[in-house]
Amino acid sequence: MALLIRNEASPPLSPARAAARRPRYFDAVLALFGLAAAILILLDIGGAPWAAFKLVVCLALPGWVVLSRLPAADRASRLVWTVAASSAVYTTLALAMAWTGLWFPRQVAAAVVLAAVGFIVLKPGPYSPGAFVRGTASGGSRPRVAGGWKPQVRSRAKAALPWLTLAAAAALWVFGLATAGRGRLDDFGLLPELPLAWYVAVGLVVGMCVYGVVARNTFSTLLMSVSVSSLVVVLYSTAGLLAAVPRFPWTYKHIAVTNFITATGHVDPSIDIYNRWPGFFALSAYLGEVMGYRNALDYAGWAETGFALVDAVLVLAIVRTISDRVRVYWTATLVFTLANWVNQNYYAPQSYSYSLYLAMCLIALSFLRGVPFKWMTGFEMRIRKSRLVQRVKRQRPVAMPGIWEQPASPGQLMACVAILIIQAVIVVSHQLTPYLAVLGLFPLFMSGHFRPRWMGPAILAIPLAYFIPNLAYVSGKYGLFSGFNIFANTGYRPPPTEPLTLGTWVLSGQTLAHLAVVLTLATGVLAVAGFVRRLLHGHVRTTLVVAWLAFAPTLGLLAQSYGGEARFRVFLFALPWLSIGVAWLFWSGPVRTRRTVVGASATLLAMAMLFTLVHFQPEADYRVSKDDVAASQWLDVNTNPGDLVFDTKYFFPLLVGPNYPHYLKWGSVSSLVDYFKEADGNISVAGLRAYADHLRGAENNYVIVTDEQKRDAVEKKRFEAEYLPKLEGLLEKGVGVENVFSNDTVRIYKFKSVG
């Protein structure tokens, strides 16, 4: 009891004293982990647990050496800055090795880790984890509740209930995955295949997140963090866990480029545009070697969950720099998670670059805030003095200072260097992201909202300097602009599907696909309402900055459709800022009211239902067969440059391995659909051989026949249903034709050229 009283009476520890007490223990653990990871990397000791350990240590140590020397920072910011700093370091090193051909990833990774260990041991930073907290450190323990043990038991039971609910949801989710349907998916994707237990698990997790935000006493940071993380994992990893291989067909080209760098140790700009923007692929090949995985296929499937978690933490950290209200930053994080339906988290350069873009915005908001120039200040003042704003402020006064009324954190020079490095890494990784970043940040630097002003031209000059040497290649192969028609660049028509009639109501996968438009428009409308409400309460400067960052990506549609994907990227880049607007709509008032509780709860629950329908409905179009991947890997190993491959152009992952450049040369891949059109029903082995010789005259010709191709031909009416079975029957009996590969669903036939 004396010890308990002494703890309660002791004053809180200051951050400096906390840092002085704890850094040695923390640094010692980091140093030991670093030494162990370096040994494992050099000895090339693999296995899933060791791979995860090496990856975590590699992503933590270099970033921690930098972050431990920064002033006190928010915990969420510290986490993502650590990962971003380490990623930038490794991307730079991987690119240097790939461009020079001096490919020694394990040795370099071990050297970086050991160097970080040396800094930690010999020159420890002045800050420990205890110093990186919002406000002062807290000490002591909570006093006991008066009245005996019954209130304590009741309080403990109430505190344990949310954790028990999350545990039950986790158990139901695992059970739901184990009992999910494994048959061929139809137009409704995974929705009918997921059992009731899975939907109950999602409902419990969503309910916990919503209740944690709207309850009179919001959940603790730890409980909310676990709840939101659980929501991200449940929603974004389910489809991947139910697939035997990475889901999206277009992922395999990225896997192939990474495997090419791993196998050759260099990039070749003459191959394709990916080798001209190789940042992500070089980093992936580098980390794959460090983990002990030489084939990106082994880990690419986890990218969707990993990027979703990183982006959620980044959005949380961004909103925490803008608002210290718990309901605001957790609501914004939930809206971002539940409205991000565009499936852009997969293994791809844009996913990596998008996370770096958010990190860049976070650094600017934390360290580079400034007072706008006089012309901008005058514009803001006119809004504040407008009659409508003044009337609302008189009726409903709200005292809530904005971020620009608070001093920015020290460390401006280091922040500028960090932003320039991150922009450079984005530039060498993806073609579109750096320009979307410029659209948002350049005007804010030029208006003075961020300082120094020269940073605006600097972040624009970096992508232009890298693009100029590649101008002729991009212009000749793709074109610089797809037209200055914003409506044409935005337009999208879902593919037609067969409807399912339920009474007088027609339901189809296309109907559910249109719900994505509903979710997008609802998010935008609610966000605009939130921006207006903030402006009416007199919070002009912060609101204008966030609203501009939400609007700026749409300017990209004036010049590019980006292969029909620009509309997705626009919404993706606007979504973090739209999420803040939605949170402001409900929690800008001075008090929590019944109307805001009902409105926020209904909105989040509706978004969760819409996201579930939109995210899991198109799974049939995304799913790739494990047998198809095995056949593709066989072809990558056994084909030679100049060989000709026939397929039906459905989503067969032909590009999967380090020999993928074989298929990029003209005439290396041809469609059976074109042959069937020319044959006009007169299908024969001799006719196919003559057609192949006319196309290329290759020494070896391969014909891919899969069950998916047959079904796809029937459903999409690519050609007559009997053509492909007839051709396969002739190939099985054809003279000079050999069945060189076969598994449950794929057969590959080979025949020689006549010449």
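The values are calculated or read from the model by the stated rules, or taken from the named source; none is laboratory data. The shown structure was predicted, so the numbers you read here are calculated from the model rather than taken from an experiment. Quick reminder, even Gly has a Cβ in these numbers, built from the backbone with ideal geometry, and neighbours come from all protein chains shown.
Residues are listed down the side, and each one gets a yes or a no for (1) modelled with pLDDT of 95 or more; (2) of a type in the set (Asp, Glu); (3) crowded, with 19+ Cβ neighbours inside 10 Å; (4) farther than 28 Å from Phe531 by Cβ:
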{"residue": "Val233", "(1), (2), (3), (4)": "yes, no, no, yes"}
{"residue": "Ala239", "(1), (2), (3), (4)": "no, no, yes, yes"}
{"residue": "Ala243", "(1), (2), (3), (4)": "no, no, no, yes"}
{"residue": "Ile261", "(1), (2), (3), (4)": "yes, no, yes, yes"}
{"residue": "Ser270", "(1), (2), (3), (4)": "no, no, no, yes"}
{"residue": "Ala312", "(1), (2), (3), (4)": "yes, no, yes, no"}
{"residue": "Arg325", "(1), (2), (3), (4)": "no, no, no, no"}
{"residue": "Val328", "(1), (2), (3), (4)": "no, no, yes, no"}
{"residue": "Leu334", "(1), (2), (3), (4)": "yes, no, yes, no"}
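Counting only residues that are in a helix (DSSP H, G or I) and out of contact with any helix residue (DSSP H, G or I) (no Cβ under 9 Å at 6 or more places or on another chain), which one in the range 666-694 is farthest from Asn638 (Cα to Cα)? Walk me through how you get there before you give the answer.
First pass over the range 666-694, keeping only residues in a helix (DSSP H, G or I): 672-679, 685-694.
Still in the list and also out of contact with any helix residue (DSSP H, G or I) (no Cβ under 9 Å at 6 or more places or on another chain): 677, 686, 689-690, 693-694.
Details: Lys677: 29, Ala686: 24, Arg689: 20, Ala690: 23, Asp693: 20, His694: 23 Å.
So the residue we want is Lys677.
For Phe442, the conditions (1) assigned to a helix (DSSP H, G or I); (2) over 24 Å from the mean Cα position of the chain (by Cα) are fulfilled apart from (2). For Ala721, the test of being in a loop (DSSP other than H, G, I, E, B), small (Gly, Ala, Ser), farther than 18 Å from Ser625 by Cβ and without any contact (Cβ under 8 Å) to a residue 12 or more places away in the chain is passed.
Can we say Leu32 is at pLDDT 70 or above, surrounded by fewer than 21 Cβ atoms within 10 Å (Cβ to Cβ), more than 22 Å from Tyr299 (Cβ to Cβ) and not assigned by TED's automatic domain parsing to the domain that holds Val326?
Numbers: at pLDDT 70 or above: yes; surrounded by fewer than 21 Cβ atoms within 10 Å (Cβ to Cβ): yes; more than 22 Å from Tyr299 (Cβ to Cβ): yes; not assigned by TED's automatic domain parsing to the domain that holds Val326: yes.
Here the answer is yes, as Leu32 does meet what is asked.
Residue count for the range 617-647 under the criterion of being among the aliphatic types (A, V, I, L, M) and either assigned to a helix (DSSP H, G or I) or surrounded by fewer than 18 Cβ atoms within 10 Å (Cβ to Cβ) (or both): the result is 6. Whether any residue in the range 211-226 is buried (at least 24 other Cβ atoms within 10 Å of the Cβ), in contact (Cβ under 8 Å) with a residue 24 or more places away in the chain and in a helix (DSSP H, G or I) is what I want to check. For the range 211-226, residues buried (at least 24 other Cβ atoms within 10 Å of the Cβ), in contact (Cβ under 8 Å) with a residue 24 or more places away in the chain and in a helix (DSSP H, G or I): present.
Scan Leu59, Leu43 and give me the residue that is surrounded by fewer than 14 Cβ atoms within 10 Å (Cβ to Cβ) and at pLDDT 75 or above.
Numbers: Leu59 fails: surrounded by fewer than 14 Cβ atoms within 10 Å (Cβ to Cβ).
Answer to the selection: Leu43.
The residues listed here are Arg493, Arg451; of these, the one that is charged (D, E, K, R) and at pLDDT below 65 is Arg493. Of all the numbered requirements in (1) hydroxyl-bearing (Ser, Thr, Tyr); (2) in contact with a Leu (Cβ under 8 Å, 6 or more places away or on another chain); (3) more than 30 Å from Tyr478 (Cα to Cα), Thr179 misses one, and that requirement is (2). For beta carbons closer than 7 Å, sequence separation of 6+ or different chains, a first residue in the range 246-265 that is in contact (Cβ under 8 Å) with a residue 24 or more places away in the chain and farther than 18 Å from Phe652 by Cβ and a second that is of a type in the set (Phe, Trp, Tyr) and not in a helix (DSSP H, G or I), the qualifying pairs are Gly265/Trp103.
Scanning the range 648-704 for residues that are loosely packed, with under 14 Cβ neighbours inside 10 Å and among the basic types (Lys, Arg) turns up Lys665, Lys677.
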